[in-house]
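What follows is a short report on a single structure.
The values are calculated or read from the model by the stated rules, or taken from the named source; none is laboratory data. Not measured: the values here are computed from a predicted model. No Cβ is skipped: glycine too gets one built from the backbone with ideal geometry, and neighbour counts run over all protein chains shown.
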Amino acid sequence: MSIMNSSLPLPSTQRDCMSAATKRYIYLRRMLKFDQMDFEFAFWQMLYLFIAPEKVYRNFRYRKQTKSQFARDDPAFLVLFAAWLCITSVGFAIVLKLGFWQFINFLLFVLNKYFRPSTEVQDVEWGYSFDLFFYNGLISHEWFISRLLGNTFWLVAVLYYMYITFLGYSSLQILNHTHLILTPVPIVIIFYIISLTKSSLLN
């Protein structure tokens, strides 16, 4: 029995003959089949990208060794990422007051109409959003504590992005000297220290 006619999965060293266009078509078609997506595992990846990115890095490395590819066949992570991107974009629009008041009113209407228990008459408890309003009011001033808090948020985000990017590229055998991705770290830290005496990065 030939390899192409066998029902067994291809070995990790076997290259299939599908073109990039065919693979792209199959992947995009799977994005519409939500019942076949493993959202639980995608949530696991997102969570551990924050608390233990090394586990996600090892998971991708094992997939490369067993299936000869880094990417998952399941587009659940991409779907979740796109959804969170839309949600955070709306959050930025609201916090930065970009003029989407009609959208805010529509959002409040949807929340109170469809996300409220039908057996009780109550509004959305805005205490869950206290931290959002607290931080926005604190970091939007010219105080030193505002610069310290706001710029520290930026510092942690930039350094963490560099770190997980380094982990990802270091697993690619076709690349060398991936440690150079971390070379801007001292520059970023110096810029952060200087920024504390200047205007906030949020401005």
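Total residues in the range 27-60 satisfying the condition of being of a type in the set (A, V, I, L, M) and either part of a loop (DSSP other than H, G, I, E, B) or touching a Lys or Arg at 6+ places or on another chain (Cβ under 6 Å) (or both): the figure is 4. With respect to (1) modelled with pLDDT under 85; (2) within 26 Å of the chain's Cα centre (by Cα); (3) surrounded by 10 or more Cβ atoms within 10 Å (Cβ to Cβ); (4) not acidic (Asp, Glu), the lone exception for Thr165 is condition (1). Lys113 fulfils the conditions (1) farther than 30 Å from Arg58 by Cα; (2) modelled with pLDDT of 80 or more except for a single criterion, (2).
Condition check for Phe191 on (1) within 29 Å of Phe144 (Cβ to Cβ); (2) modelled with pLDDT under 90: one failure, at (2).
Phe43 satisfies every condition listed in (1) at pLDDT 75 or above; (2) exposed (fewer than 11 other Cβ atoms within 10 Å of the Cβ) except (2).
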